[in-house]
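Asker: Mind having a look at this structure? Questions to follow.
The values are calculated or read from the model by the stated rules, or taken from the named source; none is laboratory data. Keep in mind the model is a prediction, meaning the values are calculated, not measured. Don't worry about glycine lacking a Cβ; one is built from the backbone with ideal geometry, like all the others, and counts go over all protein chains shown. Heavy atoms of the whole protein, side chains included, go into the accessibility calculation; ligands, DNA and RNA do not. Shrake-Rupley method; radii C 1.70, N 1.55, O 1.52, S 1.80 Å.
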Protein chains: 2
Amino acid sequence: MSYVRHNIERMTPYVPGAQPPPGASVVKLNTNENPYPPSPRVAEALAGFEPAALRAYPDPTAGRLRNVAAEVLGVKPDWILPANGSDDAIMMIARAAGAPDREIAYATPTFTFYDTQARIEAAGPVEVPYGEDYALPVEALAAAGAAVTFVASPNSPSGTLAPTDQLAELAERSSGLLIVDEAYVDFADETALPLIERFENVVVLRTLSKGYSLAGLRVGFAVARPALLEQLAKTKQIYNVGALPAALAAAAMSDQAWKDANVAKVRAGRAELTNGLRQRGWRVWDSQANFLWTRPPEGNAAALHEALSARGILVRHFRGAGLDDKLRITVGTDEQNAVLLAALGDGRSKVEDRRAKS
Amino acid sequence: MSYVRHNIERMTPYVPGAQPPPGASVVKLNTNENPYPPSPRVAEALAGFEPAALRAYPDPTAGRLRNVAAEVLGVKPDWILPANGSDDAIMMIARAAGAPDREIAYATPTFTFYDTQARIEAAGPVEVPYGEDYALPVEALAAAGAAVTFVASPNSPSGTLAPTDQLAELAERSSGLLIVDEAYVDFADETALPLIERFENVVVLRTLSKGYSLAGLRVGFAVARPALLEQLAKTKQIYNVGALPAALAAAAMSDQAWKDANVAKVRAGRAELTNGLRQRGWRVWDSQANFLWTRPPEGNAAALHEALSARGILVRHFRGAGLDDKLRITVGTDEQNAVLLAALGDGRSKVEDRRAKS
């Protein structure tokens, strides 16, 4: 007998974006981290954390964090299931609801971890292609009749938002679960969170990795009706959120002003970078996230990715149809954005030359 | 369609041991925590941790921690797969290797999370009862022909060790995986770790929750051949170990002397408590762990559990055949052990009265 299941053996593992060695001097615009530091309250919580408390098991429900999150999200605590990052919530959902006769669907391109999870469960996947404009293919997703439909909104890599009314239509027409992965929602104009009250089959995922600048902490949530969360939680690790992440996440969420200020800076940087790239002839999709989905004018995305990397500027290039000719670029600090634009200087001079002539 | 799989719907969730509210004044001998604090190096690592580092994703392989653990365990780093506590490793294994036609087996009573995992995967479970002496039922487990066999050694709740030669025999006779869960091995006389070199189907699980006094941190490992770990890691969360747990775990493992000193104190306490209870007429199984599996002389385990709880002394009572009449008691500090024995004072006087007459 093989030591693992056949579908595990033949699958390729998820490949995360490259992490430079600690201390490396790079402009890191490849993994959609927030360029600004977390709230000072996180440092305070860290300094005030009693290491001896680590001796005991943490609260398996992360109750204190759940209370803080409930207040921020405006829901009751039992509508929240804390997780070891939203990956953990995605795994719980795939494991609780996915199976060979219960397929997992999503529109592509999107976060490829959904594909990983579907393949682990041998639950499809059913992939529905996004069009050029990355509008949510409601009709095709509803027609798929999947047990679980994942929609990242804002989506990665496209940065585009699925409007709440379209998500409501999809929820209405789905007999299975609709998971709205709002990892990037802090940078967006709207949230689908109100749908959890209207639909018993909707789960909204949140994370502290992006808006709260805490990708290293590993804290996220599933938000849904308590009866559904109770089922999903049956697949959870007993103590999935450690005592330290729970304490620091609660501290971060208690400081909405800090998060909001960083989000405002990122949104301003997003507008600057969008303009700068468009001036250089790039196609840039309207982003509701903290990154841009872009197509360089010469169609030389792979070569440009390498050239930028050689200059210490990391952006993300994905292989595959519809991806090869594009780059996903995280919005950095103003300085980082300027470094990127300066590195693309030739493009600008071309654009400027053309303008001067016209 | 139901929102989750049928086997999820009908299963009951894992129930962790009761955690008293923070600050409650109790003698907590119910969840097998180490009564002594973690190494001062953990506090140093906490104080020296730069909160701004949490902005970025952690190393998905927890490489630095893996290197430290490799040195401690005397294996190469790629023989180690870090996990969010050993629960996380157990989940990865169940998910990668369990299925309806690939059963999960274990001897009972044992850590009931194996049962939870088997039910999630609809992979049996195949349960083989331990006898009165909790000797490993090698024959019956081998005959089960399971895809995955879990053996906790030392086992909970019995505290008994499976000798390495018996585990070797089981590995030899298994066509599936043999998982030796060594959560409590720091308190034992031997480890099955050398089996990973002899057998390609053996995985040894370790945790920092017990010997290192870090149950709240959530760090454990799977240790096995790299080719096998590569398959298991396909089911892992992308960043399963956060930056803080990785840093603090590395600090704790770098201080073997501290851990060894605490282990020595627990082992001494274990001997004292064993003697104290036996003098009171209790049956106490020889323990290789940091807890005792005991049977009170009057067969009144449930009532005693309640009576002790009312006095602020928490021990663990499990319901079910072969469990009802017993209590699992964590070895505490010398003071905590003395408080427990004092609370059972009547037993001692009976024993002493009898002795005085003989």
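Asker: Would you mind finding the one in B:A192, B:A171, B:A183 that is in contact with a helix residue (DSSP H, G or I) (Cβ under 7 Å, 6 or more places away or on another chain), closer than 21 Å to B:T108 by Cβ, small (G, A, S) and more than 13 Å from every other protein chain (Cβ to nearest Cβ)?
Answerer: B:A192 is the lone residue from the list that is in contact with a helix residue (DSSP H, G or I) (Cβ under 7 Å, 6 or more places away or on another chain), closer than 21 Å to B:T108 by Cβ, small (G, A, S) and more than 13 Å from every other protein chain (Cβ to nearest Cβ).
Asker: I would also like to ask the following. Name every residue in region A:73-91 that is under 22 Å from B:N84 (Cβ atoms) and more than 17 Å from the chain's Cα centre (by Cα), in order of residue number.
Answerer: A:I80, A:L81
Asker: Scan (1) over 26 Å from A:R95 (Cα atoms); (2) surrounded by fewer than 21 Cβ atoms within 10 Å (Cβ to Cβ); (3) not polar (S, T, N, Q) for the single condition B:A162 breaks and write down its number.
Answerer: (2)
Asker: Go through the residues of region B:89-98 one by one and say whether even a single one is in contact with a Lys or Arg (Cβ under 6 Å, 6 or more places away or on another chain) and either more than 30 Å from B:F318 (Cα to Cα) or not hydroxyl-bearing (S, T, Y) (or both). Even if it seems obvious, please write down each step before you answer.
Answerer: The initial filter retains those residues of region B:89-98 that are in contact with a Lys or Arg (Cβ under 6 Å, 6 or more places away or on another chain), namely B:92.
Checking which are either more than 30 Å from B:F318 (Cα to Cα) or not hydroxyl-bearing (S, T, Y) (or both) leaves us with B:92.
Yes, that holds for at least one residue.
Asker: Of the residues that make up region B:43-53, is at least one assigned to a loop (DSSP other than H, G, I, E, B) and at positive phi? Spell out the reasoning first.
Answerer: Just the residues of region B:43-53 that are assigned to a loop (DSSP other than H, G, I, E, B), to begin with: B:49-50.
Checking the rest, the ones that are also at positive phi come to none.
There is no residue in region B:43-53 that is assigned to a loop (DSSP other than H, G, I, E, B) and at positive phi.
Asker: Follow-up question, since we're still on this one. Since A:A251 meets every condition but one in (1) open to solvent by 10 Å² or more (accessible area, probe 1.4 Å); (2) part of a helix (DSSP H, G or I); (3) more than 14 Å from chain B (Cβ to nearest Cβ), which condition does it not meet?
Answerer: Just one mismatch for A:A251, condition (3).
Asker: Find the residue count for region A:233-246, including only residues that are assigned to a helix (DSSP H, G or I) and facing chain B (nearest Cβ under 7 Å). Give the steps one after another, and end with the answer.
Answerer: Taking region A:233-246 as the starting set, the residues that turn out to be assigned to a helix (DSSP H, G or I) are A:233-235, A:243-246.
Narrowing the set further to residues that are facing chain B (nearest Cβ under 7 Å) leaves A:233-235, A:243-245.
So the count comes out to 6.
Asker: Hey, another quick one. Residues being in contact with an Asp or Glu (Cβ under 9 Å, 6 or more places away or on another chain) and at pLDDT 95 or above: count how many of those fall in region A:290-316.
Answerer: Filtering region A:290-316 for residues in contact with an Asp or Glu (Cβ under 9 Å, 6 or more places away or on another chain) gives A:290, A:295-296, A:299-302, A:304.
From the residues that got through so far, the ones that are at pLDDT 95 or above too are A:290, A:295-296, A:301-302, A:304.
The qualifying residues number 6.
Asker: Moving to a separate point now. State all residues of region A:254-287 that are closer than 26 Å to B:E50 by Cα and either of a type in the set (S, T, N, Q) or assigned to a loop (DSSP other than H, G, I, E, B) (or both); if no residue qualifies, say none.
Answerer: A:S254, A:D255, A:Q256, A:N262
Asker: Which residue out of B:A251, B:A268, B:A342, B:A310 is assigned by TED's automatic domain parsing to the domain that holds B:S158 and out of contact with any strand residue (DSSP E or B) (no Cβ under 8 Å at 6 or more places or on another chain)?
Answerer: The conditions single out B:A251.
Asker: Still on this model: List pairs: first in region A:198-209 and hydroxyl-bearing (S, T, Y), second assigned to a strand (DSSP E or B), Cβ under 7 Å, 6+ apart or cross-chain?
Answerer: What qualifies is A:T207/A:G220.
Asker: What number of residues in region B:1-60 are open to solvent by 30 Å² or more (accessible area, probe 1.4 Å), within 7 Å of another protein chain (Cβ to nearest Cβ) and within 25 Å of the chain's Cα centre (by Cα)?
Answerer: Residues that pass the stated criteria total 6.
Asker: B:V128 versus (1) in contact with a strand residue (DSSP E or B) (Cβ under 7 Å, 6 or more places away or on another chain); (2) assigned to a loop (DSSP other than H, G, I, E, B): which is the lone unmet condition?
Answerer: For B:V128, the exception is condition (2).
Asker: On the given criteria, is B:R95 modelled with pLDDT of 95 or more, open to solvent by 10 Å² or more (accessible area, probe 1.4 Å) and in the same structural domain as B:R198 (by TED's automatic domain parsing)? Explain how you work it out, then say what you get.
Answerer: Working: modelled with pLDDT of 95 or more: yes; open to solvent by 10 Å² or more (accessible area, probe 1.4 Å): no; in the same structural domain as B:R198 (by TED's automatic domain parsing): yes.
So B:R95 fails the test.
Asker: Spot the failing condition for B:V15; the list is (1) assigned to a loop (DSSP other than H, G, I, E, B); (2) touching a residue at least 40 places away in the same chain (Cβ under 8 Å), and only one is missed.
Answerer: (2)
Quick grid of which residues meet (1) out of contact with any helix residue (DSSP H, G or I) (no Cβ under 8 Å at 6 or more places or on another chain); (2) in a strand (DSSP E or B); (3) at the interface with chain A (Cβ under 9 Å from one of its Cβ atoms):
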| position | (1), (2), (3) |
| --- | --- |
| B:V72 | no, no, no |
| B:L81 | no, yes, no |
| B:D88 | yes, no, yes |
| B:M92 | no, no, no |
| B:A96 | no, no, yes |
| B:F111 | yes, no, no |
| B:Y114 | no, no, no |
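To keep it simple, each residue is scored yes or no on (1) in a helix (DSSP H, G or I); (2) of a type outside the set (K, R); (3) away from chain A (no Cβ under 14 Å); (4) surrounded by fewer than 23 Cβ atoms within 10 Å (Cβ to Cβ).
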| site | (1), (2), (3), (4) |
| --- | --- |
| B:A140 | yes, yes, yes, yes |
| B:A143 | yes, yes, yes, yes |
| B:A146 | no, yes, no, no |
| B:V151 | no, yes, yes, no |
| B:P157 | no, yes, yes, no |
| B:S175 | no, yes, no, yes |
| B:I179 | no, yes, no, no |
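Asker: Condition (residue is among the charged types (D, E, K, R) and under 22 Å from A:P60 (Cβ atoms)) applied to region B:267-274: is it met by at least one residue?
Answerer: no
Asker: Of the residues A:V241, A:V219, A:V202, which is more than 29 Å from B:V241 (Cβ to Cβ), buried (at least 24 other Cβ atoms within 10 Å of the Cβ) and at pLDDT 95 or above?
Answerer: The unique qualifying residue is A:V202.
Asker: Among the numbered criteria (1) open to solvent by less than 10 Å² (accessible area, probe 1.4 Å); (2) within 23 Å of B:E33 (Cα to Cα); (3) not charged (D, E, K, R), which single criterion is violated by B:I196?
Answerer: (2)
Asker: Then there is this: Is it the case that some residue within region A:162-170 is part of a loop (DSSP other than H, G, I, E, B) and either under 17 Å from the mean Cα position of the chain (by Cα) or free of Cβ contacts under 8 Å to residues at least 40 places away in the same chain (or both)?
Answerer: Scanning region A:162-170, I find at least one residue that is part of a loop (DSSP other than H, G, I, E, B) and either under 17 Å from the mean Cα position of the chain (by Cα) or free of Cβ contacts under 8 Å to residues at least 40 places away in the same chain (or both), so the answer is yes.
Asker: Sticking with this structure for a sec: Taking the condition open to solvent by less than 40 Å² (accessible area, probe 1.4 Å), under 30 Å from B:E50 (Cβ atoms) and outside the structural domain of B:I93 (by TED's automatic domain parsing), does B:N290 pass?
Answerer: When the stated conditions are applied, B:N290 does not pass them.
Asker: Would you say B:V72 is farther than 21 Å from A:Y14 by Cβ, touching a residue at least 12 places away in the same chain (Cβ under 8 Å), of a type in the set (V, I, T) and buried (at least 22 other Cβ atoms within 10 Å of the Cβ)?
Answerer: no
Asker: Working only within region A:222-231, note down all residues that are of a type in the set (A, V, I, L, M) and either buried (at least 24 other Cβ atoms within 10 Å of the Cβ) or more than 7 Å from chain B (Cβ to nearest Cβ) (or both).
Answerer: So the first thing to find is which residues in region A:222-231 are of a type in the set (A, V, I, L, M), and the list is A:222-224, A:227-229.
Correct list: A:A222, A:V223, A:A224, A:A227, A:L229.
Here is a yes/no grid of residues against (1) of a type outside the set (A, V, I, L, M, F, W, C); (2) touching a residue at least 40 places away in the same chain (Cβ under 8 Å):
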{"residue": "A:T274", "(1), (2)": "yes, no"}
{"residue": "A:R278", "(1), (2)": "yes, no"}
{"residue": "A:T294", "(1), (2)": "yes, no"}
{"residue": "A:G299", "(1), (2)": "yes, no"}
{"residue": "A:F318", "(1), (2)": "no, yes"}
{"residue": "A:A321", "(1), (2)": "no, no"}
{"residue": "A:I329", "(1), (2)": "no, yes"}
